[in-house]
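Heads up, the thing below is written out as structure tokens.
Read the figures in this text as sums done on the coordinates, not as results from a lab. These figures come from a predicted structure and were not determined experimentally. Please note: Cβ atoms are built from the backbone with ideal geometry, for glycine as well, and neighbour counts cover all protein chains shown.
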Amino acid sequence: MDVIIMDARRYRAATDAMLRVHAQDPRRERDADGEQPVELLYTRRLVAWIDRLESAPSEELLLAAHGLHLSRWTIPRDTYPRTRQAYHDWRDRLRALHADETEAVLRECLYDDATVERVRALVLRSTYPDDPESRLIEDAVSLLLLERQLGEFAAKTERPKTLRVIRRVWRRMTPRAQELALSLPLTPDGARLVREAIGASE
């Protein structure tokens, strides 16, 4: 990853602070190194996807990636009704939380106002779809969803709804991300779901 960091010590302090918050997630997921906090794993995987999608990511983009799910576990989905409107309300509240907590970390690390506002916009995704970096975050989030979360989601969701969700995700992805998605090492069932959702043949 070839990225220009204006102040490496400040950047490390900010990202380390956010990773420490992610490490407090009480939920666990198993990977090759054993059980890890869910949001800590998510953030590391998201940053890896951004590195794959963009060889020279900006400092603001990487800071936003680290803050995208900050303290997410503190507002569980089941605190809102299982309706579409309630889902959007929950998602919007989470984005505001993530943006506020990320801003607090950045200000503690003495980032300037312009950087803080830029990172907030990326975390809130308020500049999507016109902003290339916001689109890149959306691509990384979508690829990570298909790669790591599709199987679990499909197992507990009716097939028509699963297909609708995949189609919505697919429409938000750039052509390059769609091409990468087709090469993901999905399970046979996962690959069939994606092909069916996008209307691709075997």
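Quick notes on this structure:
- Tilt relative to the chain, helix 38-53 - C-alpha long axis, 0 to 90 degrees, to 10: 90 degrees
- The stretch 141-202: C-alpha gyration tensor shape, a/c 1.5 cut-off, then a/b vs b/c: rounded
- Label corresponding to Kirkwood radius over Cα pairs in Å when calculated from the structure given, among (i) 18.3; (ii) 17.9; (iii) 18.9: (ii)
- Theoretical gain in end-to-end length, ARG93 to ARG27 [0.36 nm per residue, Cα-Cα removed]: 21.8 nm
- Positive-end residue, the stretch 1-126 charge dipole about Cα centroid, Cβ charges, pick of THR83, PRO37, VAL116: THR83
- From helices alone, the chain scores -20000 deg cm²/dmol at 222 nm; the rule is -39500 (n - 2.57) for each run of n ≥ 4 DSSP H residues, then divide by the residue total.
- Counting only Cβ charges, +1 for Lys and Arg and -1 for Asp and Glu, the dipole size of the chain around its Cα centre is about 940 debye.
- Ranked packing of 73-84, 133-144, 174-185, 110-121, most packed first, by mean Cβ within 10 Å: 133-144, 110-121, 174-185, 73-84
- Residue among ARG52, ARG148, ARG30 with the largest mean-square fluctuation in a Gaussian network model of the chain, springs linking Cα atoms under 10 Å: ARG30
- The stretch 141-202 - percent relative contact order, Cα under 8 Å, separation 6 or more: 47 percent
- Residue with peak Gaussian network fluctuation, the chain [Cα springs, cutoff 10 Å], from ALA96, ALA23, ALA86: ALA86
- Choice from TRP90, TRP49, TRP170 showing the highest fluctuation, given a GNM over the chain with Cα pairs closer than 10 Å: TRP90
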